[in-house]
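Here's the structure we're looking at; comments come further down.
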Amino acid sequence: MKIVIPFLIVCVVFLGFTVYENMQLRDTSELLRLEKTKAENRVTELERKLRTEGMKENRDFFDAFLTYDSTKKRYEQVRGVTTDKGFRASFPYESQLSDMDGGISSRLLSQENYILEGAGQEVICMNKLVVNTVYDDVSSKSIFVIKTRLLKVDGEFLVNDVEFISSNMVD
């Protein structure tokens, strides 16, 4: 009997210590789970922000590139939303067209923009565009698929490359 009482006391203390440690581990585990969830949410938010960063500038580029009343105005509008490389890619055959100031106009009717990749300072978009162009009172409607590459310069995204994938005239 002399051994049983100390043994029971040791068992109760051990059991109490075990329950206390288990509660501490559970609290720590809960804190770690909450911190992990917060970190995952932050990463998801940063990824979402990165994937949507540049999308407004991409849309602005196409508004400037495909909605104009004269080619001269078009060149001026596009220069503000592109790098020098992006401007040259937008107008590879610039030549004397920039001096024309009438007879041609264009309206961007619709655009669908999709981000293909977004990493740090660069965003790559695929764009489907429907455009109505009028030249000498003759109207035509076209669908273009254009890939753009935007580069972050001084805190804002500018179009740095333009690749025409396809174009089709529609009725």
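If the requirement is being more than 15 Å from residue 56 (Cα to Cα) and part of a strand (DSSP E or B), which of these qualifies: 141, 152?
141
Out of 163, 117, one residue alone is without any contact (Cβ under 8 Å) to a residue 40 or more places away in the chain and assigned to a strand (DSSP E or B). It is 117.
Just for the stretch 134-145: of the residues that are of a type outside the set (Gly, Ala, Ser) and surrounded by 15 or more Cβ atoms within 10 Å (Cβ to Cβ), which one is nearest to residue 160 (Cα to Cα)?
Among those residues, the one meeting the criterion is 145.
May I ask you to verify whether residue 101 is surrounded by fewer than 17 Cβ atoms within 10 Å (Cβ to Cβ), of a type in the set (Asp, Glu) and modelled with pLDDT under 90? Steps first, please.
Values: surrounded by fewer than 17 Cβ atoms within 10 Å (Cβ to Cβ): yes; of a type in the set (Asp, Glu): yes; modelled with pLDDT under 90: yes.
When the stated conditions are applied, residue 101 passes them.
Residues that are within 14 Å of residue 65 (Cβ to Cβ) and exposed (fewer than 14 other Cβ atoms within 10 Å of the Cβ) within the stretch 146-171 comprise 163, 164, 167, listed in sequence order. Screening the candidates 80, 118 for the property of being modelled with pLDDT under 90 and crowded, with 18+ Cβ neighbours inside 10 Å yields one hit, 118. Residues in the stretch 61-76 that are surrounded by fewer than 17 Cβ atoms within 10 Å (Cβ to Cβ) and in a helix (DSSP H, G or I): 63, 72, 73, 76. Candidates in the stretch 155-171 are the residues that are out of contact with any helix residue (DSSP H, G or I) (no Cβ under 9 Å at 6 or more places or on another chain) and among the polar types (S, T, N, Q); of these, the one that is farthest from residue 60 (Cα to Cα) is 168.
Screening residue 92 with (1) under 30 Å from residue 155 (Cα atoms); (2) surrounded by 10 or more Cβ atoms within 10 Å (Cβ to Cβ) gives one miss only, at (2).
The values are calculated or read from the model by the stated rules, or taken from the named source; none is laboratory data. What you see is a predicted model; the values in this text were computed from it and never measured. Virtual Cβ from ideal backbone geometry, glycine too; neighbours counted across all protein chains shown.
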